[in-house]
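What follows is a set of notes on a single structure, which appears directly below.
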Amino acid sequence: MVYYVTENRTEIVVPLLLRGFLGTSVQLGFLYYVYMGLLAVFATNAINILAGINGLEVGQSLIIAVSVMVFNLTSLSGLSRSYHEFSLYFILPYIGTTTALLAHNWYPSKVFAGDTFCYFSGMTFAVVSILGHFSKTLLLFFIPQILNFLYSLPQLFHILPCPRHRLPKYIKEDDKVTMSTTCVPWMEVKPLGKLIVNILSKFGFLYMERKLENGVDSVVYNNLTIINLILKFHGPMHEQSLTLVLLVIQFICSIIAFMVRYPLAHALFGEIVV
(Lines give C-alpha, C1' and ligand atoms only; values in the text may rest on other atoms or scores of the structure.)
Protein backbone atom coordinates (compact mmCIF):
# COMPACT_ATOMS: atom_id res chain seq x y z
CA MET A 1 0.00 0.00 0.00
CA VAL A 2 1.12 3.54 -0.60
CA TYR A 3 -0.07 6.86 0.76
CA TYR A 4 -0.91 9.98 -1.20
CA VAL A 5 1.75 12.66 -1.15
CA THR A 6 0.18 15.23 1.14
CA GLU A 7 1.11 16.83 4.43
CA ASN A 8 -0.03 15.65 7.83
CA ARG A 9 -2.14 12.77 6.53
CA THR A 10 -1.99 9.22 7.77
CA GLU A 11 -4.29 7.40 5.36
CA ILE A 12 -3.08 4.80 2.91
CA VAL A 13 -4.32 4.10 -0.59
CA VAL A 14 -5.98 0.69 -0.92
CA PRO A 15 -5.02 -1.60 -3.84
CA LEU A 16 -7.62 -1.93 -6.60
CA LEU A 17 -8.53 -5.51 -5.63
CA LEU A 18 -9.53 -4.48 -2.12
CA ARG A 19 -11.33 -1.23 -2.82
CA GLY A 20 -14.67 -2.98 -3.03
CA PHE A 21 -14.27 -3.98 0.63
CA LEU A 22 -12.25 -1.13 2.13
CA GLY A 23 -12.86 1.85 -0.12
CA THR A 24 -10.26 4.00 -1.83
CA SER A 25 -8.23 4.71 1.31
CA VAL A 26 -7.95 3.65 4.94
CA GLN A 27 -7.10 5.97 7.81
CA LEU A 28 -4.39 4.43 9.98
CA GLY A 29 -4.06 7.26 12.47
CA PHE A 30 -1.72 6.32 15.32
CA LEU A 31 -0.75 3.03 13.64
CA TYR A 32 0.87 5.00 10.85
CA TYR A 33 3.36 6.46 13.35
CA VAL A 34 3.96 3.01 14.80
CA TYR A 35 4.90 1.85 11.29
CA MET A 36 7.29 4.80 10.89
CA GLY A 37 8.93 3.99 14.21
CA LEU A 38 9.36 0.36 13.23
CA LEU A 39 10.85 1.44 9.89
CA ALA A 40 13.45 3.57 11.67
CA VAL A 41 14.37 0.71 14.00
CA PHE A 42 14.59 -1.77 11.12
CA ALA A 43 16.68 0.48 8.87
CA THR A 44 19.27 1.14 11.56
CA ASN A 45 19.62 -2.51 12.58
CA ALA A 46 19.28 -4.13 9.15
CA ILE A 47 22.64 -2.75 8.01
CA ASN A 48 24.25 -3.54 11.35
CA ILE A 49 23.44 -7.27 11.18
CA LEU A 50 24.67 -7.57 7.58
CA ALA A 51 28.21 -6.47 8.34
CA GLY A 52 31.54 -7.55 9.71
CA ILE A 53 33.85 -7.82 6.70
CA ASN A 54 35.94 -5.07 5.09
CA GLY A 55 33.88 -2.77 2.90
CA LEU A 56 30.52 -4.46 3.33
CA GLU A 57 28.56 -2.12 5.58
CA VAL A 58 29.91 0.99 3.84
CA GLY A 59 29.55 -0.52 0.36
CA GLN A 60 25.94 -1.63 0.80
CA SER A 61 25.05 1.74 2.30
CA LEU A 62 26.59 3.53 -0.67
CA ILE A 63 24.63 1.41 -3.17
CA ILE A 64 21.38 2.07 -1.29
CA ALA A 65 22.16 5.80 -1.14
CA VAL A 66 22.89 5.98 -4.88
CA SER A 67 19.62 4.09 -5.53
CA VAL A 68 17.73 6.64 -3.41
CA MET A 69 19.46 9.48 -5.28
CA VAL A 70 18.48 8.04 -8.68
CA PHE A 71 14.90 7.59 -7.48
CA ASN A 72 14.81 11.19 -6.22
CA LEU A 73 16.22 12.56 -9.47
CA THR A 74 13.74 10.63 -11.62
CA SER A 75 10.87 11.89 -9.46
CA LEU A 76 11.65 15.62 -9.56
CA SER A 77 9.10 16.19 -12.33
CA GLY A 78 6.28 14.65 -10.29
CA LEU A 79 3.85 16.08 -7.77
CA SER A 80 6.25 15.44 -4.91
CA ARG A 81 9.19 17.44 -6.27
CA SER A 82 9.78 19.32 -3.03
CA TYR A 83 9.99 16.10 -1.01
CA HIS A 84 12.57 14.59 -3.34
CA GLU A 85 14.57 17.80 -3.30
CA PHE A 86 14.56 17.62 0.48
CA SER A 87 15.85 14.03 0.30
CA LEU A 88 18.64 15.05 -2.08
CA TYR A 89 19.84 17.72 0.36
CA PHE A 90 20.68 14.88 2.76
CA ILE A 91 21.58 12.03 0.45
CA LEU A 92 24.09 13.85 -1.77
CA PRO A 93 26.44 14.86 1.09
CA TYR A 94 25.98 11.36 2.52
CA ILE A 95 27.12 9.80 -0.77
CA GLY A 96 30.17 12.07 -0.85
CA THR A 97 31.32 11.24 2.68
CA THR A 98 30.50 7.54 2.36
CA THR A 99 32.47 7.25 -0.90
CA ALA A 100 35.50 8.73 0.85
CA LEU A 101 35.03 6.36 3.78
CA LEU A 102 34.76 3.34 1.45
CA ALA A 103 38.15 4.17 -0.04
CA HIS A 104 39.68 3.67 3.42
CA ASN A 105 37.35 0.86 4.50
CA TRP A 106 37.95 -1.34 1.45
CA TYR A 107 40.08 -4.44 1.90
CA PRO A 108 42.59 -4.25 3.49
CA SER A 109 40.78 -1.74 5.65
CA LYS A 110 42.59 1.14 7.30
CA VAL A 111 39.42 2.52 8.89
CA PHE A 112 36.74 0.34 10.45
CA ALA A 113 33.06 1.28 10.36
CA GLY A 114 31.37 0.04 13.50
CA ASP A 115 27.91 0.33 14.99
CA THR A 116 28.01 4.13 14.86
CA PHE A 117 28.22 4.22 11.07
CA CYS A 118 25.58 1.51 10.65
CA TYR A 119 23.10 3.31 12.90
CA PHE A 120 23.87 6.67 11.27
CA SER A 121 23.34 5.22 7.79
CA GLY A 122 20.11 3.46 8.67
CA MET A 123 18.68 6.54 10.33
CA THR A 124 19.67 8.70 7.35
CA PHE A 125 17.72 6.40 5.02
CA ALA A 126 14.76 6.26 7.40
CA VAL A 127 14.59 10.06 7.74
CA VAL A 128 14.79 10.86 4.02
CA SER A 129 12.26 8.16 3.12
CA ILE A 130 9.75 9.14 5.80
CA LEU A 131 9.97 12.91 5.24
CA GLY A 132 10.34 12.35 1.51
CA HIS A 133 7.22 10.15 1.45
CA PHE A 134 8.79 7.06 -0.17
CA SER A 135 9.22 4.68 2.76
CA LYS A 136 7.82 1.70 0.84
CA THR A 137 10.18 2.34 -2.05
CA LEU A 138 13.08 2.40 0.40
CA LEU A 139 12.17 -1.09 1.55
CA LEU A 140 12.60 -2.30 -2.04
CA PHE A 141 16.20 -1.09 -1.89
CA PHE A 142 16.59 -3.10 1.33
CA ILE A 143 15.80 -6.48 -0.25
CA PRO A 144 19.13 -8.12 0.80
CA GLN A 145 18.78 -6.69 4.31
CA ILE A 146 15.20 -7.96 4.57
CA LEU A 147 16.23 -11.44 3.41
CA ASN A 148 19.14 -11.42 5.87
CA PHE A 149 16.80 -10.34 8.68
CA LEU A 150 14.30 -13.10 7.88
CA TYR A 151 17.07 -15.71 7.68
CA SER A 152 18.50 -14.46 10.98
CA LEU A 153 15.20 -14.44 12.87
CA PRO A 154 15.64 -17.81 14.64
CA GLN A 155 18.88 -16.62 16.21
CA LEU A 156 17.83 -13.00 16.73
CA PHE A 157 14.77 -14.16 18.68
CA HIS A 158 16.79 -16.88 20.45
CA ILE A 159 14.74 -19.71 19.05
CA LEU A 160 18.19 -21.07 18.24
CA PRO A 161 21.22 -20.26 20.41
CA CYS A 162 22.96 -17.14 19.08
CA PRO A 163 26.61 -16.25 19.79
CA ARG A 164 27.59 -12.65 20.41
CA HIS A 165 29.34 -12.41 17.03
CA ARG A 166 28.40 -14.30 13.88
CA LEU A 167 31.27 -13.16 11.67
CA PRO A 168 32.83 -15.59 9.18
CA LYS A 169 35.76 -17.61 10.48
CA TYR A 170 39.22 -16.61 9.23
CA ILE A 171 41.49 -19.33 7.86
CA LYS A 172 45.00 -17.95 8.34
CA GLU A 173 46.78 -20.64 6.29
CA ASP A 174 44.73 -19.90 3.15
CA ASP A 175 44.00 -16.22 3.83
CA LYS A 176 40.30 -16.95 3.32
CA VAL A 177 37.12 -16.83 5.36
CA THR A 178 34.65 -19.65 5.87
CA MET A 179 31.23 -19.90 7.51
CA SER A 180 31.14 -19.65 11.27
CA THR A 181 29.19 -22.24 13.20
CA THR A 182 27.49 -22.71 16.55
CA CYS A 183 27.70 -25.98 18.49
CA VAL A 184 25.15 -26.68 21.23
CA PRO A 185 23.77 -29.78 22.95
CA TRP A 186 20.79 -31.03 20.93
CA MET A 187 18.65 -31.32 24.06
CA GLU A 188 19.11 -27.59 24.75
CA VAL A 189 17.57 -26.63 21.40
CA LYS A 190 13.90 -25.67 21.68
CA PRO A 191 11.35 -27.81 19.79
CA LEU A 192 10.65 -24.97 17.35
CA GLY A 193 14.40 -24.54 16.89
CA LYS A 194 14.79 -28.23 16.06
CA LEU A 195 12.02 -27.94 13.49
CA ILE A 196 13.69 -24.92 11.88
CA VAL A 197 17.08 -26.64 11.78
CA ASN A 198 15.60 -29.74 10.16
CA ILE A 199 13.61 -27.79 7.56
CA LEU A 200 16.44 -25.43 6.58
CA SER A 201 18.98 -28.24 6.36
CA LYS A 202 16.58 -30.40 4.32
CA PHE A 203 16.21 -27.68 1.69
CA GLY A 204 19.94 -26.90 1.68
CA PHE A 205 19.77 -23.52 3.41
CA LEU A 206 21.64 -24.64 6.52
CA TYR A 207 24.77 -26.63 7.23
CA MET A 208 23.88 -29.03 10.02
CA GLU A 209 25.88 -31.83 11.61
CA ARG A 210 25.09 -34.00 14.61
CA LYS A 211 28.10 -35.15 16.63
CA LEU A 212 29.27 -36.10 20.10
CA GLU A 213 30.89 -33.16 21.87
CA ASN A 214 32.50 -34.22 25.17
CA GLY A 215 30.21 -37.23 25.16
CA VAL A 216 27.09 -35.10 24.64
CA ASP A 217 24.86 -35.39 21.59
CA SER A 218 25.31 -31.97 19.97
CA VAL A 219 24.33 -30.14 16.80
CA VAL A 220 26.56 -27.89 14.72
CA TYR A 221 24.96 -25.38 12.34
CA ASN A 222 26.14 -22.31 10.48
CA ASN A 223 25.24 -18.96 11.97
CA LEU A 224 22.19 -17.54 10.24
CA THR A 225 23.38 -14.66 8.07
CA ILE A 226 23.44 -14.51 4.29
CA ILE A 227 27.21 -13.97 4.58
CA ASN A 228 27.57 -17.43 6.10
CA LEU A 229 24.95 -18.80 3.70
CA ILE A 230 27.01 -17.73 0.68
CA LEU A 231 30.09 -19.33 2.24
CA LYS A 232 28.04 -22.47 2.88
CA PHE A 233 27.16 -22.71 -0.81
CA HIS A 234 30.49 -21.59 -2.25
CA GLY A 235 33.01 -22.72 0.34
CA PRO A 236 35.90 -20.61 1.72
CA MET A 237 36.52 -17.33 -0.11
CA HIS A 238 38.93 -14.45 0.09
CA GLU A 239 37.37 -11.65 2.12
CA GLN A 240 37.53 -9.14 -0.72
CA SER A 241 35.85 -11.59 -3.11
CA LEU A 242 33.09 -12.23 -0.58
CA THR A 243 32.48 -8.50 -0.21
CA LEU A 244 32.27 -8.10 -3.99
CA VAL A 245 29.72 -10.93 -4.25
CA LEU A 246 27.53 -9.35 -1.58
CA LEU A 247 27.75 -5.89 -3.16
CA VAL A 248 26.87 -7.30 -6.59
CA ILE A 249 23.80 -8.89 -4.98
CA GLN A 250 22.93 -5.50 -3.45
CA PHE A 251 23.31 -3.80 -6.85
CA ILE A 252 21.17 -6.41 -8.65
CA CYS A 253 18.46 -6.05 -6.00
CA SER A 254 18.41 -2.29 -6.58
CA ILE A 255 17.90 -2.89 -10.29
CA ILE A 256 15.06 -5.30 -9.45
CA ALA A 257 13.59 -2.67 -7.09
CA PHE A 258 13.35 -0.14 -9.93
CA MET A 259 11.88 -2.77 -12.25
CA VAL A 260 9.27 -3.71 -9.66
CA ARG A 261 8.45 -0.29 -8.24
CA TYR A 262 6.72 1.33 -11.22
CA PRO A 263 4.95 -1.62 -12.94
CA LEU A 264 3.81 -3.01 -9.58
CA ALA A 265 2.47 0.36 -8.42
CA HIS A 266 0.51 0.76 -11.64
CA ALA A 267 -0.87 -2.79 -11.46
CA LEU A 268 -1.96 -2.50 -7.82
CA PHE A 269 -3.24 1.06 -7.72
CA GLY A 270 -3.98 2.02 -11.34
CA GLU A 271 -1.58 4.95 -11.00
CA ILE A 272 1.99 5.74 -10.03
CA VAL A 273 2.41 8.24 -7.22
CA VAL A 274 5.81 9.96 -7.39
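The values are calculated or read from the model by the stated rules, or taken from the named source; none is laboratory data. This is a predicted model, so every value here is computed, not measured. Every residue, glycine as well, gets a Cβ built from its backbone with ideal geometry; the counts of neighbours run over all protein chains shown. Accessible surface areas use protein heavy atoms only, side chains included; no ligands, DNA or RNA. Shrake-Rupley method; radii C 1.70, N 1.55, O 1.52, S 1.80 Å.
Over all alpha-carbon pairs in region 97-146, figure out the percentage whose distance exceeds 15 Å.
Numbers: 700 of 1225 pairs.
When every Cα pair of region 97-146 is considered, 57 percent fall beyond 15 Å.
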**Fill in**
Between the alpha carbon centres of region 126-155 and region 14-92 the gap in Å comes to 7 Å
**Item:** region 153-261: relative contact order in percent, alpha carbon pairs under 8 Å with at least 6 residues between
**Value:** 28 percent
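Provide the packing ranking of 60-71, 206-217, i.e. peptides ordered by the mean count of other C-beta atoms within 10 Å per residue, highest first. Mind showing how you got there, number by number?
Numbers: 60-71: 22.2, 206-217: 12.0.
Top to bottom by mean Cβ count within 10 Å: 60-71, 206-217.
Show me the ranking of peptides 20-27, 32-39, 247-254 by mean Cβ neighbours inside 10 Å, starting with the highest. Could you put the intermediate results ahead of the total?
Working: 20-27: 11.2, 32-39: 13.8, 247-254: 17.5.
In decreasing order of mean packing, 20-27, 32-39, 247-254 become 247-254, 32-39, 20-27.
Compute the Cα gyration tensor for region 28-113, then decide on rounded, prolate or oblate, letting a ≥ b ≥ c be the square roots of its eigenvalues: rounded whenever a/c is under 1.5, prolate when a/b is larger than b/c in the other cases, and oblate in all that remain.
Oblate shape, in that a/c is at least 1.5 and b/c is the bigger or equal ratio.
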**Asked** In the chain, if every C-alpha pair distance is counted and binned at 5 Å from zero, what percent goes to each bin?
**Response** 1, 5, 11, 14, 16, 14, 12, 10, 8, 5, 2, 1, 0, 0
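Can you give me the accessible area per residue for the chain, using a 1.4 Å probe, in Å²?
Details: 14200 Å² over 274 residues.
That works out to 52 Å² for each residue.
Please label the shape of region 16-64 as rounded, prolate or oblate, based on the square roots a ≥ b ≥ c of the eigenvalues of the alpha-carbon gyration tensor (a/c under 1.5 means rounded; beyond that, a/b larger than b/c means prolate, else oblate).
Working: a/c = 4.80, a/b = 2.58, b/c = 1.86.
In terms of gyration-tensor shape, prolate.
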**Message:** I need the shape label for region 146-266. Rule: rounded when a/c is under 1.5, else prolate if a/b > b/c, else oblate, with a, b, c from the alpha carbon gyration tensor.
**Reply:** oblate
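Of the cross-linked pairs Lys169/Lys232; Lys176/Lys232; Lys202/Lys232; Lys172/Lys211, which ones have a Cα-Cα span greater than 20 Å in the structure shown?
Details: Lys169/Lys232 12 Å; Lys176/Lys232 13 Å; Lys202/Lys232 14 Å; Lys172/Lys211 25 Å.
Among Lys169/Lys232; Lys176/Lys232; Lys202/Lys232; Lys172/Lys211, the Cα-Cα distance tops 20 Å for Lys172/Lys211.
For region 1-105, which whole-number percentage of the solvent-accessible area (1.4 Å probe, protein heavy atoms only) is attributable to carbon and sulfur atoms?
Details: 3570 of 5140 Å².
About 69 percent, which is the carbon plus sulfur part of the accessible surface.
Charges only on Cβ, +1 for Lys and Arg, -1 for Asp and Glu: so what's the dipole of the chain about the Cα centre, in debye to the nearest 20? Let's see the in-between values first.
On the way: 17 positive and 14 negative charges, 72 e Å.
Once rounded to the nearest 20, the dipole reads 340 debye.
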**Message:** If you take every residue apart from Gln240 with its C-beta less than 11 Å away from the C-beta of Gln240, what net charge results, scoring Lys and Arg +1 and Asp and Glu -1?
**Reply:** -1
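For the chain, what does the relative contact order come out to in percent, with C-alpha contacts under 8 Å and a separation of six or more? Please list the in-between numbers first.
Values: 356 pairs, mean separation 58.9, N = 274.
About 21 percent, as a whole number.
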